[in-house]
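*Asks:* The structure follows.
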Amino acid sequence: MAMAPGQQHGLRLVIRSERRMFRDALSACLRAQPEYLVVGHVGRLDDLVSLCRLRQPDVALVDLGSERADESMLRECTALTTVVVVYERLSCADLGALCRVGVDTLLPCSHGLDALLVVLRRYLAGDRDDPAPAQQDCFTELERQIITLVGAGHTVHQIAQLLEVSTSAVANTKRRIYRKLGVYSQGQAMARATTLGIVSRPPDNLLGVNHCPETTMPVVLRGTTGPAWHQVTTALLAGGLSVDNAVNLPTSLLVLVDPTPEDWPASSENPVVLVRSEPPGRAEVLQALQHGAHVVMTADRVATDLVPACTLAAHGYVTVETDAARGVLGALHTTSPSLPELTSRELDILRLIACGHTVRQTARELGIAAKTVENTQSRLYRKLGARNRSGALVAAHALGLLESASGRG
């Protein structure tokens, strides 16, 4: 018997919920588990139909809350994939409608997350209908990579170098992406892709970080032998990680235990974990981070925290113990992060960027000079930490600002 796609690569899920925080939290929860792959999330049911066509999930998870069931939209979804509906309150008529359109599972919100995971594991085990044949308009892996890199602010030439394809191949693929999304410009494509949850804010060094599975990650151990050294070795081996004290493998993670200056690598291409027998001072923590350390911890935390910290480091995250972090934040005079405050004019321009307008078209729409549009765009990019229009759209959607801008139209 042929194996279903979800069994080969994890269960492919899309999420629909009008509650932005609910779908973001559920997406994060499922993405943290390797058996699930969230390939998109949307707020509206009509967007869910488009998302299912583009990404071909194994399961569409639909949060109705206390809404009435939209039979026509759900019928289109059930024709494309298995649909699981989570609800707060449904009338007898709504329950009958959901059964008529072919919804596979109905789950009250009162049952909680554990009950939902039980349902999803049933599909993970293959207890679902055979998947529909691939549709012509679904996104290919190359198209998904390219739209993600466009959102990260890369040019066609940079994308071609990263993916080792020709610039003409990238340009042609972008045109196919526009057609599948039903748009005609890069700005509109990014707005549509972020709405469908296909593109999110990418991590640093996209496609440049070697992600190693937790159980096979090679670890190079350097430093001073002693109690802390033996604690680290025991924790790594107990966590199923291979340890080599002699060579620095190309894709290894380097763990330094009470290191001397000679133990530090000449470059910081690979993640570095620093373990100290005694709590490090502020200056040492800052110096370690400047030298490429991804983790700073003391030996008394090794037994419980070292392996999880190594896993996070391999995936590009930085982990610093609370006391050390307070010292670093104090040294940097860091303030609490807050949402960027956009002016009315900046929101108008963000809305028109999402519509695919050029600077000249935006100026004409708002009745202002093109130079004013360019200056306002520059301020908008700085506030959002973006380099161009595509990056601004991705950042604005991640912060929930794109919806605010759309509401002004």
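*Asks:* Tell me, please, whether a residue that is part of a strand (DSSP E or B) and either more than 21 Å from the chain's Cα centre (by Cα) or closer than 18 Å to Arg144 by Cβ (or both) can be found in the range 15-24.
*Replies:* Yes: the range 15-24 contains one or more residues that are part of a strand (DSSP E or B) and either more than 21 Å from the chain's Cα centre (by Cα) or closer than 18 Å to Arg144 by Cβ (or both).
*Asks:* Ok, one more. Please find, within the range 256-268, the residue that is farthest from the chain's Cα centre (by Cα) out of those that are at pLDDT below 90 and surrounded by 13 or more Cβ atoms within 10 Å (Cβ to Cβ).
*Replies:* Asp263
*Asks:* Residue check: is Leu206 surrounded by 15 or more Cβ atoms within 10 Å (Cβ to Cβ) and either at pLDDT 85 or above or touching a strand residue (DSSP E or B) at 6+ places or on another chain (Cβ under 9 Å) (or both)?
*Replies:* For Leu206, the condition - surrounded by 15 or more Cβ atoms within 10 Å (Cβ to Cβ) and either at pLDDT 85 or above or touching a strand residue (DSSP E or B) at 6+ places or on another chain (Cβ under 9 Å) (or both) - is not met.
*Asks:* Moving on. Quick one: in the range 327-353, of everything that is under 28 Å from Arg282 (Cα atoms) and outside any helix (DSSP H, G or I), which residue is modelled with the highest pLDDT?
*Replies:* Top of the filtered list is Ser338.
*Asks:* Quick check: is even one residue across the range 15-23 basic (Lys, Arg), in contact (Cβ under 8 Å) with a residue 40 or more places away in the chain and either touching a Lys or Arg at 6+ places or on another chain (Cβ under 9 Å) or buried (at least 18 other Cβ atoms within 10 Å of the Cβ) (or both)?
*Replies:* yes
*Asks:* Is it fair to say Ser27 is of a type in the set (S, T, N, Q), surrounded by fewer than 24 Cβ atoms within 10 Å (Cβ to Cβ), within 18 Å of the chain's Cα centre (by Cα) and closer than 15 Å to Val83 by Cα?
*Replies:* When the stated conditions are applied, Ser27 does not pass them.
*Asks:* Return only the number of the condition from (1) touching a strand residue (DSSP E or B) at 6+ places or on another chain (Cβ under 7 Å); (2) of a type in the set (A, V, I, L, M, F, W, C); (3) at pLDDT 70 or above; (4) over 30 Å from Asp46 (Cα atoms) that Met217 does not satisfy.
*Replies:* The number of the failed condition is (3).
*Asks:* Restricted to the range 272-310, and to residues that are β-branched (Val, Ile, Thr) and part of a helix (DSSP H, G or I), which residue is surrounded by the fewest Cβ atoms within 10 Å (Cβ to Cβ)?
*Replies:* Going through the qualifying residues, I end up with Thr304.
*Asks:* Might you check whether a residue that is more than 15 Å from Leu120 (Cα to Cα) and under 26 Å from the mean Cα position of the chain (by Cα) occurs anywhere in the range 89-104?
*Replies:* No: the range 89-104 contains no residue that is more than 15 Å from Leu120 (Cα to Cα) and under 26 Å from the mean Cα position of the chain (by Cα).
The values are calculated or read from the model by the stated rules, or taken from the named source; none is laboratory data. Keep in mind it's a predicted model, so treat the numbers as computed, not measured. Note that we place each Cβ from the backbone using ideal geometry, even for glycine, and neighbour counts take in every protein chain shown.
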